[in-house]
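Trainee: Supplied in structure tokens, the structure appears directly below.
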Amino acid sequence: MSSALTSEARFVTGSTMRHVVVMTFTGALGLMSMFLVDLADLFYLSLLGKTEITAAIGYAGTVVFTNLSLCIGTGIAAAVLVARNLGAKRPERAREFATSCFMYSCILSAVFSGVIALAADWLLRLLGAEGEALHLAKQFIWIASPGFVVLAGGIACSFTLRGLGDARRAMYVTLVVAIVIAILDPIFIFGLGWGIQGAALAGVIADLCSLAVGFHSVHRVHNFFAPPSWARLRADLREISEIAVPAMLTQLATPFANAYATRAVAPFGNEAVAAAAIIGRIIPVAFGIIFSLSGSVGPIIGQNYGARAYDRVRRTLTDGLIFATIYTLVAAALLYVFRHDVAELFRASGRTIDLVVFFCSFIAASWAFTGAQFVASAAFNNLGHPNTSTVFNWAKATIGTIPFALYGAHVAGPEGVMVGVALGSIIFGVASVAWAYRIVAKVAQQKA
């Protein structure tokens, strides 16, 4: 245990590809373990034999993922400000930002959880939920929403650790969530017979454990939380918001697109929504490394930007794209090989099987372009262009999703929706990467 203030910028020397691989794998291990348990959640609930329960998880998951996106957005601000100030040899300023970002995240999530709890019925109906699926989804959200604030604090700690370059402890913050849920889920769902309510309660307890681990790592191990101060938070509010607000808007683009995709398949029945719920759990497990790329590559870019090492910034961007492409192709190949096993794992039937197999066969590989956009977003956020990240992500979530999904649904039903969303990902993935390289070149030229 160290009581000294951490001040070393770890990413300004050594192989950028090595930093990308280490940060991404450690970040992904914790993140994917959470998603894997989320997948197990769905598996346990599917054993209850009710399509309505699977559909309810699909609807509620969209709302819950919105809170996660907000937390990640504020976490990105913490990682950027900590990494950038460490790279510029201002460790005390980085420490103040870590504390202010923690407070900012918790307060914002408290407001969000209250709104979600009150508006759950309206939001779920907007997504197309009805009948028993609506009732069960509301119960899940009402139990889970108090844990949103705790989750926000844990994620803020995890991203602060990423900014410090402590990939291992950042991983522990999310890994503990998976461990606790893996233990409590079978007990609550089957042992106590609490069903979907038990799954929600297990999540809240896991979030509490995550916050405890994260706070200990930042405060006790790194001595990197300054005494909380409302005056300091007010002083830092503008600088945090300049990164956090665009980052949150960027993160909200994904659940918006997911929500629209869920709404687009809802008219095709509960079997189609159940397939969407299963695919929604498969994606984070199969592509969790892709999800972690933005948070992993960001601190490497941020520290080198703060140290004015622009050649290393460009190299990091390139290495991140190479890594995303290779990983996605391998994961997509495995999904194709085991496509029928994946569908059978969740006791799917009828159209649900067809849709899950279709995704594993033809759509999974398109995630290489989503990964490319995540890497580009990390560059935008850390090079002082967070609004550009917002524009690209919302363009993809709207004009890159809605017209494609609408036309696809009209021509080929739920399969058409998936193809349409994939085409939008390809177009905006390529465009965002091209723009990221342009910004790197422009920043280097301006500073020179």
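The values are calculated or read from the model by the stated rules, or taken from the named source; none is laboratory data. Remember, it's a predicted structure, so these values are computed and weren't measured experimentally. A quick note on method: Cβ atoms are made from the backbone with ideal geometry, for glycine too, and the neighbour counts reach across all protein chains shown. These accessible areas exclude ligands, DNA and RNA; they are computed on the full protein's heavy atoms, side chains included. Shrake-Rupley method; radii C 1.70, N 1.55, O 1.52, S 1.80 Å.
Trainee: Between SER349 and SER361, 0.36 nm times their residue separation minus their Cα-Cα distance comes to what?
Mentor: Full extension from SER349 to SER361 adds 2.6 nm.
Trainee: Under the Karplus relation 6.51 cos²θ - 1.76 cosθ + 1.60, θ = phi - 60°, what is the ordered set of whole-Hz ³J(HN,Hα) values for region 72-86, x standing for Gly and Pro?
Mentor: Computed from phi, the couplings for region 72-86 are 5, x, 6, x, 4, 4, 4, 5, 4, 5, 5, 5, 5, 6, 5 Hz.
Trainee: Based on the Cβ-Cβ distance from THR13 to HIS216, what FRET efficiency comes out when R0 is 35 Å, to the nearest 0.05?
Mentor: Efficiency, rounded to the nearest 0.05: 0.75.
Trainee: By its C-alpha gyration tensor, with a ≥ b ≥ c as the square roots of the eigenvalues, how is region 256-355 shaped: rounded for a/c under 1.5, else prolate for a/b larger than b/c, else oblate?
Mentor: prolate
Trainee: Now, a different point. For THR318, put the label point 7 Å out on the Cα→Cβ axis and report which residues of region 429-448 keep their amide N under 15 Å from it.
Mentor: 434, 437-438, 440-441
Trainee: If you add up the charges near MET17, with Lys and Arg at +1 and Asp and Glu at -1, over every other residue whose beta carbon is less than 9 angstrom from its beta carbon, what do you get?
Mentor: +1
Trainee: Where the centre of each part is set by its Cα atoms, how far does region 283-325 sit from region 173-195, in angstrom?
Mentor: That distance is 32 Å.
Trainee: Another question about this same structure. Roll a 1.4 Å probe over the protein chains and send me the accessible area per residue for region 307-448 in Å².
Mentor: Roughly 45 Å² per residue, with all protein chains present.
Trainee: In percent, what relative contact order does the chain have, based on Cα pairs under 8 Å that are 6 or more apart in sequence?
Mentor: Across the chain, relative contact order equals 24 percent.
Trainee: With r defined as the distance between the Cβ atoms of ARG238 and ILE326 and R0 fixed at 30 Å, what FRET efficiency is calculated, to the nearest 0.05?
Mentor: Taking R0 as 30 Å, the efficiency between ARG238 and ILE326 is 0.15.
Trainee: Report the trypsin sites (Lys or Arg not before Pro) located in region 236-324 that are in a DSSP loop and have at most 16 other Cβ atoms inside 10 Å of their Cβ, or state none.
Mentor: ARG308
Trainee: Further, regarding this structure: Provide the net charge surrounding LEU161, with neighbours chosen by a C-beta distance below 9 Å and charges set as Lys +1, Arg +1, Asp -1, Glu -1.
Mentor: Result for the neighbourhood of LEU161: +2.
Trainee: Stretched out fully, how many nm does the piece from LEU192 to ASP311 gain, at 0.36 nm a residue minus the Cα gap?
Mentor: 37.1 nm
Trainee: With the chain treated as a Gaussian network of Cα nodes joined by springs under 10 Å, which of PRO246, PRO299, PRO228 yields the largest mean-square fluctuation?
Mentor: PRO228
Trainee: What does the extension gain come out to for TRP142 and ILE427, with contour length at 0.36 nm per residue minus their alpha carbon separation?
Mentor: Gain in length upon complete extension: 98.8 nm.
Trainee: For region 118-123, what does the Karplus curve 6.51 cos²θ - 1.76 cosθ + 1.60, with θ = phi - 60°, yield as ³J(HN,Hα) per residue in whole Hz, taken in order and with x for Gly and Pro?
Mentor: 6, 9, 4, 4, 5, 5
Trainee: Here's another thing I want to ask about it. Given R₀ = 35 Å, FRET efficiency for ILE183-HIS135 by Cβ-Cβ distance, to 0.05?
Mentor: 0.80
Trainee: Which of GLY27, GLY154, GLY203 ends up with the largest GNM mean-square fluctuation for the chain, with Cα atoms connected below 10 Å?
Mentor: Maximum among the listed residues: GLY203.
Trainee: Using a basic spin-label model with each label point 7 Å from the Cα along Cα→Cβ, how many nm lie between LEU126 and LYS89?
Mentor: 5.0 nm
Trainee: Mind listing the phi-derived Karplus ³J(HN,Hα) values for region 293-306, rounded to whole Hz, using 6.51, -1.76 and 1.60 with θ = phi - 60°, and x for any glycine or proline?
Mentor: 4, 4, x, 8, 6, x, x, 5, 5, x, 5, 5, 5, x
Trainee: With point charges of +1 on the Cβ of Lys and Arg and -1 on the Cβ of Asp and Glu, referenced to the Cα centre of region 163-308, which listed residue (GLY269, ILE196, ALA178) lies farthest in the positive direction of the dipole?
Mentor: Positive-most Cα among the choices belongs to ALA178.
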